[in-house]
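Visitor: Take this structure, written in structure tokens, and hold onto it; I'll ask about it next.
The values are calculated or read from the model by the stated rules, or taken from the named source; none is laboratory data. For clarity, every value in this text was computed on a predicted model and none was experimentally measured. For neighbour counting, all protein chains shown are included, and Cβ atoms are generated from backbone atoms with ideal geometry for every residue, glycine included. The area values use the complete protein model at the heavy-atom level, side chains included, leaving out ligands, DNA and RNA. Shrake-Rupley method; radii C 1.70, N 1.55, O 1.52, S 1.80 Å.
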Amino acid sequence: MDIGTVVGLILGSALMMMSLILGGSSLMQFVDYPSILVVFGGAAASLMISRPLSLVLKFFNIVKITFFNKPVDIKTTIAQIVSLSETARREGLLSLENRMEEIDNPQMKLGIRMAVDGMSTDIVENILRTELEAVAGRHGVHKGLISGAGVYCPAFGMIGTLIGLVMMLADLDPATIGTGMAVALLTTLYGAIAANMIFLPMADKLSGLNDDELMNMEIVIRGVVAIQAGENPRVIKQKLETFLPPSERGGDEEEAA
Amino acid sequence: MDIGTVVGLILGSALMMMSLILGGSSLMQFVDYPSILVVFGGAAASLMISRPLSLVLKFFNIVKITFFNKPVDIKTTIAQIVSLSETARREGLLSLENRMEEIDNPQMKLGIRMAVDGMSTDIVENILRTELEAVAGRHGVHKGLISGAGVYCPAFGMIGTLIGLVMMLADLDPATIGTGMAVALLTTLYGAIAANMIFLPMADKLSGLNDDELMNMEIVIRGVVAIQAGENPRVIKQKLETFLPPSERGGDEEEAA
Amino acid sequence: MDIGTVVGLILGSALMMMSLILGGSSLMQFVDYPSILVVFGGAAASLMISRPLSLVLKFFNIVKITFFNKPVDIKTTIAQIVSLSETARREGLLSLENRMEEIDNPQMKLGIRMAVDGMSTDIVENILRTELEAVAGRHGVHKGLISGAGVYCPAFGMIGTLIGLVMMLADLDPATIGTGMAVALLTTLYGAIAANMIFLPMADKLSGLNDDELMNMEIVIRGVVAIQAGENPRVIKQKLETFLPPSERGGDEEEAA
Amino acid sequence: MDIGTVVGLILGSALMMMSLILGGSSLMQFVDYPSILVVFGGAAASLMISRPLSLVLKFFNIVKITFFNKPVDIKTTIAQIVSLSETARREGLLSLENRMEEIDNPQMKLGIRMAVDGMSTDIVENILRTELEAVAGRHGVHKGLISGAGVYCPAFGMIGTLIGLVMMLADLDPATIGTGMAVALLTTLYGAIAANMIFLPMADKLSGLNDDELMNMEIVIRGVVAIQAGENPRVIKQKLETFLPPSERGGDEEEAA
Amino acid sequence: MDIGTVVGLILGSALMMMSLILGGSSLMQFVDYPSILVVFGGAAASLMISRPLSLVLKFFNIVKITFFNKPVDIKTTIAQIVSLSETARREGLLSLENRMEEIDNPQMKLGIRMAVDGMSTDIVENILRTELEAVAGRHGVHKGLISGAGVYCPAFGMIGTLIGLVMMLADLDPATIGTGMAVALLTTLYGAIAANMIFLPMADKLSGLNDDELMNMEIVIRGVVAIQAGENPRVIKQKLETFLPPSERGGDEEEAA
């Protein structure tokens, strides 16, 4: 679990509150329930109009992913593929059957199983690539839901402010004009905070997580194909470690040996 | 039929009204017929200028699709293809002739008919892919019409507000300045609501429906090609189920058997 | 000729005027010659800076295309190709020489002539595809000119308003502040109307016309290649009709025959 | 040299001045040296931060290209290639050695020289295509510098206005509020004019010049490859003229001959 | 090290200060610590939410790259490849073992080592291309962090201004309204300067550095592949120098020799 998202949210909220207190303002001055309703209710309504209900209901599950993701460990993936390739080279492809249980990564499990089952390399790669594209597609839909919230929140913030301005202007009373405008501006403020401190950063996070996962899948695909083709484990290692930044690559001495 | 769009529209409208009532404002204060005319009439005019009349006349039919769509059922598509592939394997490709009637999906019907008619796999795939691209093209044009409304409505909202401001300023009367500006802002409000609560979410919905339908067509194409190539139904099932999220895939036991 | 563009322009202009009259304002209040000069003159200057003079001089010719375009008739194109393919099958490719005169479409004429002249299929397809790309390129340049006007008009609208504001503010007189601001806002209004009711919709229109024309050319290319390859007219018909929406396709009975 | 850019700049500047004079304002009211410093100095600083110094120093050279470009003459390019192909066909590829001197276009010169030197067609095409991509890359960098100015100028215009507003507001004096705001708005005005009447149109111009040059290079590449392959000059002519609009193509009579 | 970034930052800061002094304002009027906290603290919080903590912690290291980069020297890269190719041609591929030490560029070192180790050209090119894509991916992530700061700073600038306006309006006191608004606008000003004078130009810089490095890697890849294929050093030189602008290419006389 990457604690950045939690730390960032706490830090950001603390900062917003500190800035109010430093400004000598009471927190309650910034809370207006109808405004909250317009911004978040309006955004929720637009998300429901724009997407299947089954997807919208997953909203909080997807938000949770940004908090509780276990980072993809590419080094372990590579190490496992290299280890599997050594077994396959020494004892034959079928011997991987015995190592199925230790494989956690579902794509790797699927790929190795298909290889052991004797499917052709072409079909195995084709299925794994289709899987990668399907995963990318589903992640894109999930990210779109969160970034959609990041687009509709400021839109309803503006709508709320316009409603407030029309009310205030239609009934112009010099004594309350200030308070009226202050309340009217609150929805714009809510929308801007919701977008820039919650939903857009979360969508960025999902995007980064997706990139990592797809790179991991790409490594698995190349690894499984290489194992099935009986490639040299040393060459497989070098090929796959190319995805890592140089500082994280294994020692090169063996390669020169 | 996915009820999200209807529920979302009702929810959103209810919220907007509630916020007016909570604000102590009468609904009628927010209704101004000339403003409605400028925003929706202006957007309609721009859509007519920008697109063939025959397309613009389909506007409400396209809007209806966002309400009354029957969701694409990929699992049934796959099941049917697998079932057809089993028949084809057991009794030959020509035997599919007898199962034509039970096929509802028009692409699948077309593909199987062409296969039964003895067209080469290349031509069958080529025709089905051309169909997919043509469908994608038409859907893109439809979506463009709705998202066009989502672009022109706020534009005419701004134009209406400018017209109102010019009128008000040219004839500056402190007593009515508030009402004048309130009315001027109404067009911007209408434009923002029309875009963010109606047309842009609907365009998003059409986009998602299109993605689902194209994925279904892609599955049909791969299925028909695989049937024509006489592939193993078990392999076809595995290939096509890769498009589904893991939780919705059929049991894997048989595969290992 | 698609009348949508004309009808839309008339409708939009009528609406704008109605909204002024309903607002109790005189039309003349909205006409300011220096403002017109700044918006349209400025946009014209920027188009001249940004594009070759020979292109800018075609501005009104390109605008005219959005009014007086004859819609591409894909069904007729397909019917003619199928008819030509029947002749070619029955009487040989060279017999198409006699039908040259009845072909209006310049690409089809060029393609058939090259086929009759005995050029290889590869060269014929290569030349027709180069033509398609060249046409797409020229259309893109034309559309860019009109959408450029749609970008520069609001920009000079804002510039005009800034100029007006600076003048008004530098010489702040409570008696005329209203009229001053009203006039200053007129350029923004002109720019917004010019962009959203004239140039951007026209650019969209050109884009749609281009898409139709390119699809027609794609059909011609596939048709000519198929004729040259001596394909079955029935298969050619099916291939090309795939570009049409299902409702417009010819009867399928013959195919099953 | 295309005079459009010069004419457009003069026209635009004249219009701006006319609008001031028509508005009864003195030109000097619109000149404020600190404002000029903020907008253009700020944009220059940001360009220096964002790009290598050696590139920023070429700024005015690149601006000059938009004034003094000699338009690409595709017809002459085609005519020369066709003429070279006729020589090559009649007297052999090596005979082109004698015609090297009359070739001005550097890519054509390079391509023909490599062909005469006996390099393989693959290598010649590879080198010429690499050249095309390298030219496109350098042009993109140049265009990015100018459009960067078009982005940073309005940004510093807004920054200048904010600075002016803060100064004015911190020291609110009803007597000078108008002049203060007028001066504050000047930077926004400068930024808007610099972007929309100078840098963005110039960047568009560079873009168009680049497109023309790349098309010319594409024609040279196809021509050189065709000459090396010993293709029929008549076919080469037809292939290359496809890049021209139909109205500018050479007579077709010879082709039918 | 390219001094442009440092010079630009100094120049820009000097300009901003000069404009304050010329405006007769004290610097301290433009410093407000809570505002600084909201803009930069808020942006930092959003970056932490949106990206892995390990990446955010590299922020200043990445900023440093924009100051202290040593420019890629493509000419030296080409010269070294040509020199290596001459050795390989004269003394065989294995002789490059002795020249390993003089190679600084890590990709070139890796490529030549793999070639000397006897890996097939396909694998060598595949590994080097994977490396190039991995480098491009990492650079993209780094650039995204800096341009993310350039997006979140103005967003929190606007949020800060909204907070300030709500405070000021809720407690409307004609005597302090000016100061209140001045302070409220400061966050927008900070955000605009941070984005347009610091982070967005730096992101542009990183983008340009990345382009240069990728071009250098592309040259290394083509060079290593060419060396392994035993190509003529003269041809290799010509191929690779095509990436340079004509003015920087080596003499062409030898080529004609």
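Visitor: For the range D:83-138 and the range C:104-182, write down the distance between their C-alpha centroids in whole Å.
Guide: If you average the Cα positions of each part, the centres end up 35 Å apart.
Visitor: Determine the relative contact order of chain A: mean sequence separation of Cα pairs under 8 Å and six or more apart, normalised by residue count, in whole percent. Let's see the in-between values first.
Guide: Details: 238 pairs, mean separation 79.0, N = 257.
In percent, rounded to a whole number, it is 31.
Visitor: Let me confirm the definition first: pairs of Lys residues in chain C, 8 or more apart or on different chains, C-alpha distance under 16 Å. How many are there? Intermediate values should be presented prior to the final figure.
Guide: Values: C:Lys58/C:Lys143; C:Lys64/C:Lys143; C:Lys64/C:Lys205; C:Lys70/C:Lys205; C:Lys75/C:Lys237; C:Lys75/C:Lys239; C:Lys143/C:Lys205.
Pairs that pass both the separation and distance tests number 7.
Visitor: In percent, what relative contact order does the range E:76-141 have, based on Cα pairs under 8 Å that are 6 or more apart in sequence?
Guide: Numbers: 25 pairs, mean separation 13.0, N = 66.
Normalised by residue count, the contact order of the range E:76-141 is 20 percent.
Visitor: Give the residue from B:Gly140, B:Leu110, B:Ile123 lying farthest towards the positive end of the charge dipole for the range B:103-142; charges sit on Cβ (+1 for Lys and Arg, -1 for Asp and Glu) and the dipole is referred to the Cα centre.
Guide: Farthest towards the positive pole: B:Gly140.
Visitor: Multiply the residue separation of A:Val6 and A:Glu248 by 0.36 nm, subtract the distance between their alpha-carbon atoms, and state the gained length in nm to one decimal. It would help to have the intermediate numbers written out before the result.
Guide: Working: separation 242, 0.36 × 242 = 87.12 nm, distance 2.69 nm.
That works out to 84.4 nm of additional length.
Visitor: Each residue of the range C:16-29 in turn: what ³J(HN,Hα) in whole Hz from Karplus with 6.51, -1.76, 1.60 and θ = phi - 60°, glycine and Pro shown as x?
Guide: Each residue's phi maps through the Karplus curve to give 4, 5, 4, 5, 5, 5, 4, x, x, 10, 7, 4, 4, 4 Hz.
Visitor: Please give, to one decimal in nm, the separation of the simple spin-label points placed at B:Tyr33 and B:Asn61, each 7 Å out from Cα toward the Cβ.
Guide: 3.2
Visitor: Report relative contact order for the range A:61-194 in percent, whole number only (criteria: Cα-Cα under 8 Å, sequence separation at least 6).
Guide: Numbers: 71 pairs, mean separation 25.3, N = 134.
Once normalised by length, the contact order is 19 percent.
Visitor: Report the residue of chain C with the smallest Cβ-to-axis distance, using the rotation axis that brings C onto A, in whole Å.
Guide: C:Pro174, 9
Visitor: Compute the distance in nm between two label points, each set 7 Å from the Cα along the Cα-to-Cβ direction, one at D:Asp173 and one at C:Ile123.
Guide: Taking the two extended label points, one gets 8.4 nm.
Visitor: Place the label 7 angstrom along Cα→C-beta at D:Val31 and in each other copy, then list the distances from the first to the rest in nm, shortest first.
Guide: With the label placed 7 Å along Cα→Cβ, D:Val31 yields 3.6, 3.6, 5.9, 5.9 nm.
Visitor: Another one. Averaged across the residues of A:206-212, what count of C-beta atoms belonging to other chains lies within 10 Å of each residue's C-beta? Let's see the in-between values first.
Guide: Numbers: counts 1, 3, 6, 1, 0, 3, 2.
Across the residues of A:206-212, the mean count of other-chain Cβ atoms within 10 Å is 2.
Visitor: Roughly how many debye, to the nearest 20, is the charge dipole of the range A:113-257 about its Cα centre, given +1 on each Lys and Arg Cβ, -1 on each Asp and Glu Cβ, and no other charges? Spell out each step's value before the answer.
Guide: Working: 10 positive and 19 negative charges, 76 e Å.
Dipole of the range A:113-257, to the nearest 20 debye: 360 debye.
Visitor: Using a 10 Å cut-off on Cβ to Cβ distances, tally the other chain neighbours for every residue of C:172-184 and report the average as a whole number.
Guide: On the way: counts 8, 1, 1, 1, 1, 3, 8, 5, 2, 6, 8, 4, 3.
Mean shielding count: 4.
Visitor: Now for a separate question. Would you work out what percent of the accessible area of the range E:1-99, with all protein chains in place, is carbon or sulfur (probe 1.4 Å)? Spell out each step's value before the answer.
Guide: Values: 3540 of 5140 Å².
Looking at the range E:1-99 in its full context, I get 69 percent from C and S.
Visitor: When you count, for each residue, the other Cβ atoms within 10 Å and take the mean per peptide, how do E:143-154, C:76-87 rank with the highest first?
Guide: Working: E:143-154: 22.1, C:76-87: 19.6.
For the peptides E:143-154, C:76-87, the packing ranking is E:143-154, C:76-87.
Visitor: Given the C-alpha centroids of the range D:227-251 and the range B:186-235, what is the distance between them in whole angstrom?
Guide: 43
Visitor: Leaving ligands, DNA and RNA out of it, report the carbon-plus-sulfur percent of the accessible area of the range B:119-257 at a 1.4 Å probe. Each step should come with its number before you reach the end.
Guide: On the way: 2960 of 4990 Å².
Reported share for carbon and sulfur atoms: 59 percent.
Visitor: List, in order, the whole-Hz ³J(HN,Hα) value for each residue of the range E:54-65 obtained from phi through the Karplus relation with A = 6.51, B = -1.76, C = 1.60 and θ = phi - 60°; use x for Gly and Pro.
Guide: Residue by residue, the range E:54-65 yields 4, 6, 4, 5, 8, 3, 6, 4, 6, 4, 4, 4 Hz.
Visitor: What ranking do C:170-178, E:130-138 get when scored by the average of other Cβ atoms within 10 Å per residue, highest first? Can you show the working numbers first?
Guide: Numbers: C:170-178: 13.8, E:130-138: 16.8.
Ranked by mean Cβ neighbours within 10 Å, highest first: E:130-138, C:170-178.
Visitor: Quick one: ranking D:Met108, A:Met28, B:Met119 by accessible area, 1.4 Å probe, largest first, what do you get?
Guide: Working: D:Met108 0, A:Met28 120, B:Met119 25 Å².
Largest accessible area first, the list is A:Met28, B:Met119, D:Met108.
Visitor: May I ask which residue of C:Leu214, C:Pro154, C:Met168 lies farthest towards the positive end of the charge dipole of the range C:143-257, with charges of +1 (Lys, Arg) and -1 (Asp, Glu) on Cβ and the Cα centre as origin?
Guide: Result: C:Met168.
Visitor: Under the classification rounded if a/c is under 1.5, otherwise prolate if a/b is larger than b/c and oblate if not, where does the protein assembly as shown fall, given a ≥ b ≥ c as square roots of the Cα gyration tensor eigenvalues? Working shown, then result.
Guide: Details: a/c = 1.34, a/b = 1.33, b/c = 1.00.
Rounded, because the longest to shortest axis ratio a/c is under 1.5.
Visitor: Enter the accessible area per residue of the range A:98-196 (Å², integer; probe 1.4 Å; all protein chains in place).
Guide: 38
Visitor: Pick from A:Phe60, A:Phe199, A:Phe156 the residue whose mean-square fluctuation is largest in a GNM of chain A, springs joining Cα atoms under 10 Å.
Guide: A:Phe60
Visitor: For C:Lys75, place a label point 7 Å from Cα along the Cα-to-Cβ direction in every copy; what are the distances to the other copies, in nm, shortest first?
Guide: In nanometres, ordered from closest: 4.2, 4.2, 6.8, 6.8.
Visitor: Same structure again: In nm, one decimal, shortest first: how far is the label point of B:Glu86 (7 Å from Cα along Cα to beta carbon) from the matching points in the other copies?
Guide: Result, one decimal in nm: 4.5, 4.5, 7.3, 7.3.
Visitor: Taking the Cβ of C:His139 as the center, what net charge do the other residues with Cβ under 10 Å away carry, scoring Lys and Arg +1 and Asp and Glu -1?
Guide: On the way: positive: C:Arg138, C:Lys143; negative: C:Asp211, C:Glu213.
Local net charge: 0.
Visitor: Helix-only mean residue ellipticity at 222 nm, the protein assembly as shown, DSSP H runs n ≥ 4 weighted -39,500 (n - 2.57), per residue, nearest 500. What is it? List each step's numbers first, then the result.
Guide: Values: 60 runs with 915 residues, N = 1285.
It comes out at -23500 deg cm²/dmol, rounded to the nearest 500.
Visitor: Quick one: accessible surface of C:Phe40, probe radius 1.4 Å, all protein chains present, in square angstrom to the nearest 10.
Guide: Accessible area, nearest 10 Å²: 80 Å².
Visitor: Mind grabbing the interface size between D and E? I mean buried accessible area, both sides, 1.4 Å probe, in Å² to the nearest hundred.
Guide: Values: alone 14730 and 14750 Å², together 25760 Å².
The contact between E and D buries close to 3700 Å².
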